[in-house]
Every structure is written in structure tokens, then in C-alpha cells.
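Structure first, then comments.
Just so it is clear, none of the values below were taken in a lab; they were calculated from the coordinates. The model shown is predicted, which means the values in this text are computed figures rather than measured ones. With ideal geometry, Cβ positions are generated from the backbone for all residues, glycine too; neighbour counts draw on all protein chains shown.
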Amino acid sequence: MKLTDTIAGRTILVLLLGLGSILFLAQYLYQVASERELMESNANRVAERLLVLAETITAVKPETRDTTAHSLSGGPLELHWSVEPLSTAGGRLDSAARTLRTYLLERAPVLSRRGLIFGTSSASPATDGDKNHTTVISLGLEDGSWLNVTLARVQTTRVSSPSFLVSLLVGALGVVGIAVLLSIWLTRPLNLLAREARTLFVSGDDGRPVAETGTREVRTVAAAINEMHRRINRLISDRTQMLAAISHDLRTPLTRLRLRANAIDDVTLKKSVDHDLDEMEQMIDASLGFLKESTDCEPVEPVDIAAILQTIADDTNDAGHEVDVELPRSLVVKGRHLALKRALTNLVNNAIRHGGAATINVRLDEREAVIIITDPGPGIPPDKLETVFEPFRRLDDARNLETGGYGLGLTVARSVARSHGGDVILANRPEGGLAATFRLPV
């Protein structure tokens, strides 16, 4: 699953990129400003010290100036006195050197006349083998001699320094933590809505609507789902009432036809008419039974599927049919007991009717109970494996017409399975026969 497939993932990604970019930019600007402030502060301090040192060297006798300069060296400064400047002008000065030069000229404009040279000099013994002493400054004194200063580079914190990276990492982790909490807060109502919507159409829970809580958008979706559910229920109820009324109206002419059939003298004809009337009445009853299944209000409760299948197998074996079972000791699901028993009985009877025998296997697949009912019969053409689930659909070319039924057994089985959040799937077995897989969430 991709990170962008979920709202939580997208929220985390947007916050991480957005706030992370802002955090990085803020850290960078703060770092640059800090470096600049530190550089200016150092330049100001060094400029003041150099001017004081220049005055001190000027005040002593020429023969002791170099010794005095050496004694005044320390920290980032190493001093030398000479008649000629040791610094060679040229090369590109770094920002710290340029800032220092500006401060020196601001505090002692006379240096522009006496001489102020920034550069490097291989003639200075102080620079040999010392990579920190990169700037050599020569300041002109009043008598024309020079104070030469070898200045160590001031180490500042760069953007790529460990401290900056650590602070950036801590900030990024904070952003991720906030994003995760925010995504949980945003998606929790949606997850609850999805969970309630999945169970909304399970028969027995029809009276409990989806809770209209959470944000306005979530409440709007929940209200729309509840309205859709009410409309579907009204549609099913209206359809059931309509067919019930039709059934009631048909029973009256059927009763009259039975009375008239009794007046038929031809015994063979009378028997044929009675058979047709019985079949019509059974079809009406089967239709009403199927519709009743759709509107059944049996409560949802814990049901032991293994016990139901064992009961079905025992009853079928007692009736003289062969049913083999491989069942766990117990497998409890949440559902409607009678509806599940009716659906599984239909599948077992279907296997017995068309295969002569049935085998029942049950396994737990992740969070689903998988019930497989197989038979050694002729199977079903591959292009008709879905068609047989349509109401009143019988495949006379694949199943014997004399087997009876009105084509509702598989329809009822799938309807029950789907009302519980599962499904029924048919497949032809390679060794022959049909396998009906009944899946139920645990």
C-alpha cells in the first residue's frame, strides 16, 4: 500500500514536506544571521585590539618593537614588526577579512594613508604549516614601519555542521509526531464511519443507524448513508408488500381453478391440472420466502459455525445421503443463526442433489471463516458460474430438470453470506465436481 493511498499518509506527507521545509528555512536563516552577527562581533573586537596594539608598538623603541610584538601575540593573533610589510596584496579576501578591513578603516581612517594591506605572504614564518593562519595584515605605523598580524581563521558553525543537522533532525521528528497525531485525529471518525457502514446492512442491525458524529463533513456522509439505508429499506418493503399483495390476489383465482378442476371427468387431465396448480402455488410461496429472507429481522448473535455444519451433516446422513466433514471443534462468528443454517443447508442440499454426496471442509483464513462444500457431480459451465446466482435461474443443460427446485437456493445462500459481510463463490474442481466456497468474517 502506497503512503499516498490513505488520508493519514497524505496528511503526514504534506505536513512533513511543508513544515519540514519551513523548519529548514528558518534554521538556515537563523544560522546565517548568527554567523553574520558573530563575524561582525569578532571583526569589531579584533579591530579594536589591533589599533591598541599598533599604538603600543609605536610607543616603544624600534629595537625592541619586534620582541614586544612577539610578547603581545596570543589567541588568534600573532604579531611581527618589520620595516617592510610582510603581507602581499592580492587574492580574494573572505567575508570575515573584508568585514575586519571595513571596521579598521572606520575606526582609524589614517590607515588608508599609512597603509593597510590584507593578503597572504609565504615570507611569514608564522604561516608555514598552519592552515588556520590564512590572513596576514600589515598596518602602517606613524614612522613608516609595519605591524604585521597573522590572523587565525575564526571557526563558525556552518549549515552542514553536526549541531545544525541534529537540530534539524529533532525538528523533523517533532513534525512527524505532530503529523501522526493529527492524521489519527482526522481519520478516526472516518474509520469508525466505515466500520459502522460495513455492518449497517447486516440483517438484524437494520434498526441502528450510523452515528452522525465527528466533523461536519463526516456527519454529512453519515447522514447520507443513513438516508440511503432508509430508502433501500423502503424499496425492499414496498417490493415485498407488492408481491405479497400479488400472491394474495393470485390465491383466489387459484382456489377457483382448483374447484373447477374437481369437475373435470378426465382423471389424467385433472391430475395434470392439479400438478400445475400445485407448482404455481409453490412458486408463489418460494418467491415470498426469498423476499422474507431479505427483510428478516433475526437478531445478530455469536454463532458456532462448526456446530451448525455438524448438525446439517448429521441430518443429511440420517436421511440416507453421504456427507463427510472436516471441522474444527468450534468456530464462532457473529451472525444470524437461522439464516446461516438455511444458507449452508441449501449449499449441502445442492451438492447432494447434483453430485450424490458432499464433503465439508472448514478453515480459518486470516480473519475469515472459509467453508468449502464440494461434490463429485458434473459441475457447471465456466461461463455460467455467476449466472446460477440469479433468482429463479436453473441451468437445465448442466443440471437435471428432474432434480426439482425453483432456482433460489444459491441466490438465498449468497444473499445471506453478503448480508454478513461475506460471499459465496462457485468453482469447478480440476478432478471433477463443484466447490462452493462460503466466506464469513470472524
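Once a ≥ b ≥ c are taken as the square roots of the eigenvalues of the Cα gyration tensor of region 233-381, is the result rounded (a/c under 1.5), prolate (a/b larger than b/c) or oblate (a/b not larger than b/c)? Oblate. Taking every C-alpha pair closer than 8 Å and separated by at least 6 residues, the mean separation divided by the residue count of region 28-103 gives a relative contact order of 41 percent. From the Cα gyration tensor of region 3-152, with a ≥ b ≥ c the square roots of its eigenvalues, which class applies: rounded if a/c is under 1.5, or else prolate if a/b is larger than b/c, or else oblate? Here region 3-152 falls in the prolate category.
Given the -39500 (n - 2.57) contribution per DSSP H run of 4+ residues, what per-residue ellipticity at 222 nm results for the chain, rounded to the nearest 500 deg cm²/dmol?
Working: 10 runs with 238 residues, N = 442.
When only DSSP H runs of four or more count, the value is -19000 deg cm²/dmol.
For the pair region 104-120 / region 252-274, the C-alpha centres are spaced 131 Å from each other.
Sorted largest first, the spans of the alpha carbon positions of region 32-93 along the three principal axes are 46, 25, 16 Å. Sorting the segments 179-188, 432-441 by their residues' average number of neighbouring beta-carbon atoms within 10 angstrom, most packed first, yields 432-441, 179-188. With semi-axes √(5λ) of the Cα gyration tensor in Å defined as stated, name the option among (i) 101, 24, 17; (ii) 59, 24, 22; (iii) 39, 29, 19 computed from the structure displayed. Read-out taken from this structure: (i). Extending 7 Å from Cα along the Cβ direction at S112 and again at R329 yields two label points whose distance is 10.1 nm. Against the chain, whose longest principal axis is taken from its Cα atoms, helix 162-200 shows a tilt of about 10°. The convex hull of the Cα atoms of region 219-294, projected and averaged over all directions, covers 5.4 nm². Stretched out straight at 0.36 nm per residue, the stretch from R188 to M283 would grow longer than its current Cα-Cα span by 29.4 nm.
Its residues counted as N, region 301-441 yields a C-alpha radius of gyration over 2.2 N^0.38 Å of 0.98. Each Lys or Arg adds one and each Asp or Glu subtracts one; over the other residues with Cβ under 14 Å from the Cβ of H70, this totals -2.
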